Number of protein chains: 4
Amino acid sequence: MNFKTFLESTGQKAVELARTAEKVTRETGTYIVVAPQFADLARVADAVEIPVFAQHIDPIKPGSNTGHVLAESVESAGAVGTLINHSERQLKLSEIESIIELCREKNLASCVCANNPGTSAAAAAMHPDVVSLEPPELIGTGVAVSKAQPQVVTHTVNLVRKVNSDVTILCGAGITQSVDVAAALKLGTSGVLVASGIVKAKDPYIILRAFADATKQ
Amino acid sequence: MNFKTFLESTGQKAVELARTAEKVTRETGTYIVVAPQFADLARVADAVEIPVFAQHIDPIKPGSNTGHVLAESVESAGAVGTLINHSERQLKLSEIESIIELCREKNLASCVCANNPGTSAAAAAMHPDVVSLEPPELIGTGVAVSKAQPQVVTHTVNLVRKVNSDVTILCGAGITQSVDVAAALKLGTSGVLVASGIVKAKDPYIILRAFADATKQ
Amino acid sequence: MNFKTFLESTGQKAVELARTAEKVTRETGTYIVVAPQFADLARVADAVEIPVFAQHIDPIKPGSNTGHVLAESVESAGAVGTLINHSERQLKLSEIESIIELCREKNLASCVCANNPGTSAAAAAMHPDVVSLEPPELIGTGVAVSKAQPQVVTHTVNLVRKVNSDVTILCGAGITQSVDVAAALKLGTSGVLVASGIVKAKDPYIILRAFADATKQ
Amino acid sequence: MNFKTFLESTGQKAVELARTAEKVTRETGTYIVVAPQFADLARVADAVEIPVFAQHIDPIKPGSNTGHVLAESVESAGAVGTLINHSERQLKLSEIESIIELCREKNLASCVCANNPGTSAAAAAMHPDVVSLEPPELIGTGVAVSKAQPQVVTHTVNLVRKVNSDVTILCGAGITQSVDVAAALKLGTSGVLVASGIVKAKDPYIILRAFADATKQ
């Protein structure tokens, strides 16, 4: 669950949302990761036991990098992994590879986001832990990639598997209903990347619980 | 004091360094601001009463901005201002203006960094609270701008004052000795921006105290 | 006249459009500058005697800068000036200043584009030859800045004049009618920056001639 | 041969250098491509019959893209292909994929540069016509990648072949001697990407001819 920079997932609300996710994990056994903003990482990681990811880290070593995000810094705050190259925070090819390598060294989980089948395959060729397909034109629309573009998901799974047999594959964008989650799993992914569908929901618990139940079918 | 992304100013060490700065403020009455990494903002702001700045914020509103830094987020963590356009995190002109405007709305202090007299004047023309001259070629060298390039500082003060009569002017880069601080003030600035000179010092307290004393002469 | 990357102003069509502008200049005495794409600069500059600008140059010296635009290169192709920081090709503050300086050294005319009054003042503080206000939200809309936002143009002229008494001020965005041109001049600018209004016109000559005539009233 | 932005390969000198390359092609039958600056494309393509590449194109369609490089524009100037993602003009992953796709549509040859084995594999997974390994730390040093880091070239060839059986593989950086060219071919590449080694040579013909002869051994 990507918290993005919604007010509904900033500060104390980030902590509450993470607790909701933890509750659903406890109730259903579903593996849920939360990715709050940098300034909320420590508070969230202190409050819950489910895995906490950063939304981005920079391809840097400790030193003179004002305003950048150091792997050691998010780690010290309690993050155990990071999103990389989200469509809202896209990176150069060499930066993506460099961050994947950095994550490997630091034992952080790496989840590279990609906008289409071709870039998903390219991401997979660099052997991150997770590749997540997210067509940017569907993000925040409520039109789920797994429902609206099932052939894109299938094509992505095929291209990724040709170059990488064991990377975990997720998909996201527009996921707002539990049937979207079930559809994503049927198409060969191992889970979904969600944001506004839960963060902006009236009752995030109900949606998240429904999503978790959908993964059990 | 800019904490950059040094290991010596990450996590718990950021908190200790901020406490050292607070101690010097209490002892000398000098106005010291600390700018830790995003993930350390909350811990530092909880630990000290001196002002805490972010090292950067993005020109965004709440919403879908994965991996970006929201003003509301750093505010909620306890920041009361931000560096903008540090030479290590340079921004487009329209972004700088947009962030200054955002700071004005949010009542955050805005400190725009600039690399030479011309860009300092341009920054001042957008009416931030502070303009800080930092020639990037001197950063981290131990060769102080106020000692090595006094005419650059003077020229900056003159150009800035032509377009803005009340903005606070700082300078930085290479400042490692208390005489560098005294020199900066004599050249017409109101203070200095420092980083490695203190963060990487064997005993940051001694250096910081000497800097603070130098402002009293 | 900014040719942008319209097909109607690419290759041989760029040459024809420039010849149309030259014809209007000869007929009316109006000062018209054309800014074709990089690959068309030489052909256009060979074909006409009116001034030819690049749409952008990079802040670089000769050397290892694959894929960048060298001042010497556009000069050798016949350009006598350049647009800088167009809203579709925005630059960091230090890059803008560096390009203005480069233009001064090379005797190229510098026209810095800015998106609002604040950034226009900042641009003017760096002393380019021309500052051009272009609110990006109006570009290509047919809603002219000089008609729809006269107070923005007036405010820009006022802020710019506070920091720079002799820079030439233009405005642009949405200019499609000769009354828009006349309005721009009445508001205190010295001319307009136009693109689609002429490039995409059925008969560019008729529009351009009407614009030229409007400057004489 | 990448002309970069050297003065020795700007304007009329670009034409002369391209003629030298054409001469060597005629004498030896070696396949040589020249990549001059945007503003020189038309002049060079008019002067020689060997293939001319752009050094970069942007992932854009015709329209409002001031200061960008349109595929149709370089095509109209005579280019038949383009470098993509050179280490001096790096691009986001999605941009690279988008440009490869654009080249496919426009029948332009696509040569993606990559800085190491991992990014070379990622580039290959997007099926451009050519992948070229260029470790940026060796560019312009005279220390040839094929001599100094043979295992990096071999590793690149292996990783690329795992994900793409037919892409053409080149390598470059530091290539200044004919033995470097021969070494590159022995390591499994099909050719080299060169720039300063020839452009800055006292007599480019002699070096280029020696390189061409080295490919025949």
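The values are calculated or read from the model by the stated rules, or taken from the named source; none is laboratory data. Note that this is a predicted model, so its numbers are computed, not measured. When we count neighbours, we look across all protein chains shown, and the Cβ atoms used for this are built from the backbone with ideal geometry, even at glycine. When the accessible area is computed, the model is the full protein with side chains, heavy atoms only, and any ligands, DNA or RNA have been set aside. Shrake-Rupley method; radii C 1.70, N 1.55, O 1.52, S 1.80 Å.
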Label-point gap, in nm, between D:Thr154 and A:Ser165 - each point 7 angstrom along Cα→Cβ: 2.4
B:Cys111 accessible area, 1.4 Å probe, all protein chains in place, Å² to nearest 10: 10
Where N is the number of residues in segment C:1-121, Cα Rg divided by 2.2 N^0.38 Å: 1.06
List of segment B:118-139 residues, accessible area with partners at least 20 Å² below that of the chain alone (1.4 Å probe): B:Gly118, B:Thr119, B:Ala122, B:Ala125, B:Met126
Heavy-atom accessible area order for B:Asp180, D:Asp166, largest first, 1.4 Å probe: D:Asp166, B:Asp180
Inter-copy label distances at A:Asp213 (7 Å, Cα→Cβ; nm, one decimal): 7.0, 7.3, 8.0
Shielding score for A:72-83, defined as the mean number of other chain Cβ atoms within 10 Å: 4
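Using Cα pairs closer than 8 Å and at least 6 residues apart in sequence, work out the relative contact order for chain C, in percent. Don't skip to the end; give the middle numbers.
Working: 432 pairs, mean separation 36.9, N = 217.
Averaging sequence separation for qualifying contacts and normalising by length gives 17 percent for chain C.
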Descending principal axes extents, segment C:178-217, alpha-carbon based, whole Å: 29, 17, 12
Per residue, the convex hull volume that the Cα atoms of segment A:14-70 enclose (Å³): 81
Average beta carbon contacts from partner chains per residue of C:159-167, 10 Å cutoff: 2
Aspartates and glutamates whose Cα lies under 12 Å from that of A:Lys23, excluding same-chain neighbours fewer than 8 positions away: A:Glu49
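Restricting things to Cα coordinates, could you compute the convex hull volume per residue of chain D in Å³?
It comes to 110 Å³ per residue, whole-number rounded.
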Teacher prompt: B:Arg19 distances to equivalent labels in other copies, 7 Å Cα→Cβ, nm: 2.8, 7.6, 7.9
Interface size D-A, as summed buried accessible area [1.4 Å probe, Å², nearest 100]: 1500
The protein assembly as shown: projected area of the alpha-carbon convex hull, averaged over directions, in nm²: 35.6
Shielding by partners, peptide B:39-47 (average Cβ within 10 angstrom, other chains): 5
Closest Cβ on chain D to the rotation axis that carries it onto C (distance rounded to whole Å): D:Phe38, 2
Nearest-10 value in Å² for the accessible area of C:Leu17, using the 1.4 Å probe: 10
Position B:Lys202, label points 7 Å along Cα→Cβ, spacing to each other copy in nm (shortest first, one decimal): 5.4, 6.6, 8.4
Accessible-area composition of chain C, carbon plus sulfur, in percent [1.4 Å probe]: 49
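D:Arg89 to D:Arg19: extension gain in nm, 0.36 nm per residue of separation minus the Cα-Cα distance?
Difference between extended and current length: 22.6 nm.
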Residues of segment B:1-28 with amide N under 17 Å of the 7 Å Cα→Cβ point at A:Lys61: B:5-9
Chain A - accessible surface per residue (Å², probe 1.4 Å): 36
Efficiency of FRET between C:Gln217 and A:Leu7 - r from beta-carbon atoms, R0 60 angstrom, step 0.05: 0.70
About the Cα centre, charge dipole magnitude for the protein assembly as shown (Lys/Arg +1, Asp/Glu -1 at Cβ), debye: 0
Cα-based radius of gyration of segment D:120-213 once divided by 2.2 N^0.38 Å, which approximates compact folds: 1.05
